[in-house]
Amino acid sequence: MSTSTDIPAFNTDELDFDDFQFDESTNENLDMSHSIPERDLSFFKNIPVTVTLEVASKDIALGDLMKAGEGSVIELDKLNGEPLDVKVNGSLMGHAEVVVVNEKYGLRLIDVVDSALDSAIQ
């Protein structure tokens, strides 16, 4: 046998926001017209991220993919010579081309998507 305590249900009809009184200092704190001082963002420079160079992609039905085997060709959505997508943690940062530096692959940024920089700064 279990014992339960009766907890009264919360009734939203009992709320009356007209009863709340705000003093002037509360309104001053909500004023966003003044400039906010810049923050030191150097902390974020040491956070690791994953940079991915995506050649191309293709949406394909799982059944069609299951039929693929050695030697199968799946046509992708980019043309030869078209810039490749650079993604940071899965989000598009910009476009690049592949280069070779000291016998390793690298990328040369062609353009950077403005929204990627804007969201990183804010």
**Fill in**
Within the stretch 50-74, the count of residues that are of a type in the set (D, E, K, R) and assigned to a helix (DSSP H, G or I) comes to 2
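Matching residues to (1) surrounded by fewer than 10 Cβ atoms within 10 Å (Cβ to Cβ); (2) touching an Asp or Glu at 6+ places or on another chain (Cβ under 8 Å); (3) at pLDDT 90 or above; (4) outside any loop (DSSP other than H, G, I, E, B):
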| residue | (1), (2), (3), (4) |
| --- | --- |
| Asp40 | yes, no, no, no |
| Pro48 | yes, no, yes, no |
| Gly94 | no, yes, yes, yes |
| Val99 | no, no, yes, yes |
**Item:** Those residues of the stretch 76-111 which are of a type in the set (D, E, K, R) and within 28 Å of the chain's Cα centre (by Cα), in sequence order
**Value:** Asp77, Lys78, Glu82, Asp85, Lys87, Glu97, Arg108, Asp111
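The values are calculated or read from the model by the stated rules, or taken from the named source; none is laboratory data. None of these values were measured; they are calculated from a predicted model. All Cβ positions, glycine included, derive from the backbone under ideal geometry; neighbour counts span all protein chains shown.
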